[in-house]
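Student: Okay, here's the structure, questions in a sec.
The values are calculated or read from the model by the stated rules, or taken from the named source; none is laboratory data. Predicted, not measured: the structure shown is a model, and the values here were computed from it. When we count neighbours, we look across all protein chains shown, and the Cβ atoms used for this are built from the backbone with ideal geometry, even at glycine. Side chains are part of the model used for accessible areas, which takes the heavy atoms of the whole protein and leaves out ligands, DNA and RNA. Shrake-Rupley method; radii C 1.70, N 1.55, O 1.52, S 1.80 Å.
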Amino acid sequence: MTLTRAWILLIALSLGSTLVAASGLSGRWLAVLVLPLAWAKAQVILTRYLGLAQAPAIARGFALVLALFMAALIGLAAWPA
Amino acid sequence: MSAADQRALIDDLPGDLMMWVLIVSELLVFGAGMLAFLAVRITDPAGFAEAQSHLHRTAAGINTLVLVTSGWLAALAVRDAEAGALARLRWRLVLAAGLGAVFLWLKAGEYADLAREGLSFDSHPFFTFHLLLTGFHAAHVAAGMILLLIVALPATPRATEAGAAFWHMVDLVWVLLFPVVYLI
């Protein structure tokens, strides 16, 4: 993926988050839909902008930690009140 | 893993090792803050939702586009540094820093409106977290802008890559912070 394609993807994911937030969804469903979009954006920034695509072993480590972190965020956001 | 393997792994890391130590440290601090924010929210979801309604969601959404575009310019500047296109590199870094100023201007508008409404750190736990997390992030945006302008002077590949890496960390934190604090 080129840097410009990565930027277009980030813009598209950001607009996707805005659309989901503007759809009227709230509560845990909003969190379950919006946080994975943020996760995808973070992955693009790590691999393309920060260049981890050149270091696959390190990229896998970052991806694992990010996945655990996002799972924790989604779990807390969807936690019943 | 042998010492040679570890060395090879570190050598694979793009850019400066110390910048990565800084990036990982910052990500851990912001990550802990976001987890604490959502954990405390469980105790008062209605209060957090009411407090969130005072924020500038649209401006924060625009700020996401602003930072993502700024990060793209910084990434292109690294490529310019490798190609020796110094004039183009400097313009891109100045534009990236300029977008950082746009980000801070929009954020300042939100802080000013909260202050006018009498909302501050101690109004509600939501605002304690909001002001700490976004304020700390805004301080990093300001530091990143200065760093981008400083590395634009020597414009060496190493300096540009280090400045851009810090800027991408700022970008990365925001794309995670924005939905947690402003949307969900």
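Student: Select from segment A:64-75 the residues that are crowded, with 18+ Cβ neighbours inside 10 Å and more than 14 Å from residue A:33 (Cα to Cα) and write down the one among them that is nearest to the other protein chains (Cβ to nearest Cβ).
Tutor: Here the residue is A:69.
Student: If we keep just the residues of segment B:40-51 that are surrounded by fewer than 15 Cβ atoms within 10 Å (Cβ to Cβ) and not charged (D, E, K, R), which is farthest from the other protein chains (Cβ to nearest Cβ)? Reasoning before the result, please.
Tutor: Restricting attention to segment B:40-51, the residues satisfying the condition of being surrounded by fewer than 15 Cβ atoms within 10 Å (Cβ to Cβ) are B:42-43, B:45-47, B:49-50.
Of the ones still in play, those that are also not charged (D, E, K, R) are B:42-43, B:45-47, B:49.
Details: B:42: 5, B:43: 9, B:45: 5, B:46: 8, B:47: 11, B:49: 8 Å.
This residue is B:47.
Student: Follow-up question, since we're still on this one. Take the residues in segment B:17-28 that are open to solvent by 40 Å² or more (accessible area, probe 1.4 Å) and touching a helix residue (DSSP H, G or I) at 6+ places or on another chain (Cβ under 8 Å); name whichever of them is nearest to residue A:15 (Cα to Cα).
Tutor: Of segment B:17-28, the ones open to solvent by 40 Å² or more (accessible area, probe 1.4 Å) are B:17-18, B:21-22, B:24-25, B:27-28.
Applying the additional criterion that residues be touching a helix residue (DSSP H, G or I) at 6+ places or on another chain (Cβ under 8 Å) yields B:17, B:22, B:27.
Numbers: B:17: 34, B:22: 30, B:27: 24 Å.
The extreme case among them is B:27.
Student: Now, a different point. Of the residues that make up segment A:17-33, is at least one facing chain B (nearest Cβ under 7 Å), at pLDDT 95 or above and either in a helix (DSSP H, G or I) or open to solvent by 70 Å² or more (accessible area, probe 1.4 Å) (or both)?
Tutor: There is no residue in segment A:17-33 that is facing chain B (nearest Cβ under 7 Å), at pLDDT 95 or above and either in a helix (DSSP H, G or I) or open to solvent by 70 Å² or more (accessible area, probe 1.4 Å) (or both).
Student: Test each condition in (1) part of a helix (DSSP H, G or I); (2) away from chain A (no Cβ under 11 Å) for residue B:119 and report the one that comes out false.
Tutor: (1)
Student: Any residue that is among the polar types (S, T, N, Q) and without any contact (Cβ under 8 Å) to a residue 40 or more places away in the chain - is there at least one of those in segment B:28-48? Working first, answer last.
Tutor: Residues of segment B:28-48 that are among the polar types (S, T, N, Q), as a first pass: B:43.
Pick out the ones that are also without any contact (Cβ under 8 Å) to a residue 40 or more places away in the chain and you get B:43.
For segment B:28-48, residues among the polar types (S, T, N, Q) and without any contact (Cβ under 8 Å) to a residue 40 or more places away in the chain: present.
Student: Turning to a different aspect of this structure: Residues being open to solvent by 30 Å² or more (accessible area, probe 1.4 Å), more than 14 Å from residue B:171 (Cβ to Cβ) and either of a type in the set (A, V, I, L, M, F, W, C) or at the interface with chain A (Cβ under 10 Å from one of its Cβ atoms) (or both): count how many of those fall in segment B:65-101.
Tutor: Residues meeting the conditions: 8.
Student: Out of segment B:133-174, which residues are within 12 Å of chain A (Cβ to nearest Cβ) and within 27 Å of residue B:38 (Cα to Cα)?
Tutor: Hits for segment B:133-174 are B:166, B:167, B:168, B:169, B:170, B:171, B:172, B:173, B:174.
Student: So residue B:9 fits all but one of (1) open to solvent by less than 50 Å² (accessible area, probe 1.4 Å); (2) out of contact with any Pro (no Cβ under 6 Å at 6 or more places or on another chain); what number is the exception?
Tutor: (1)
Student: Please tell me if residue B:121 is of a type outside the set (Ser, Thr, Tyr), closer than 24 Å to residue B:26 by Cα and surrounded by 14 or more Cβ atoms within 10 Å (Cβ to Cβ).
Tutor: no
Student: Right, here's the next one. Given the structure, is residue A:13 buried (at least 19 other Cβ atoms within 10 Å of the Cβ) and in contact with a Lys or Arg (Cβ under 7 Å, 6 or more places away or on another chain)?
Tutor: Yes.
Student: Would you pick out the residues in segment B:52-64 that are among the aliphatic types (A, V, I, L, M) and either surrounded by fewer than 19 Cβ atoms within 10 Å (Cβ to Cβ) or more than 11 Å from residue B:106 (Cβ to Cβ) (or both)?
Tutor: Once the filter is applied, which keeps residues that are among the aliphatic types (A, V, I, L, M) and either surrounded by fewer than 19 Cβ atoms within 10 Å (Cβ to Cβ) or more than 11 Å from residue B:106 (Cβ to Cβ) (or both), segment B:52-64 yields B:55, B:59, B:62.
Student: Considering B:7, B:57, which residue is modelled with pLDDT under 95 and at the interface with chain A (Cβ under 9 Å from one of its Cβ atoms)?
Tutor: B:57
Student: Here are some residues: A:58, A:74, A:45, A:8. Which one is among the β-branched types (Val, Ile, Thr) and more than 27 Å from residue B:74 (Cβ to Cβ)?
Tutor: None of the others qualify; the one that does is A:74.
Student: Which residues, counting only those in segment A:38-55, are open to solvent by 40 Å² or more (accessible area, probe 1.4 Å) and either in contact with a His (Cβ under 8 Å, 6 or more places away or on another chain) or within 8 Å of chain B (Cβ to nearest Cβ) (or both)?
Tutor: The answer is A:48, A:54.
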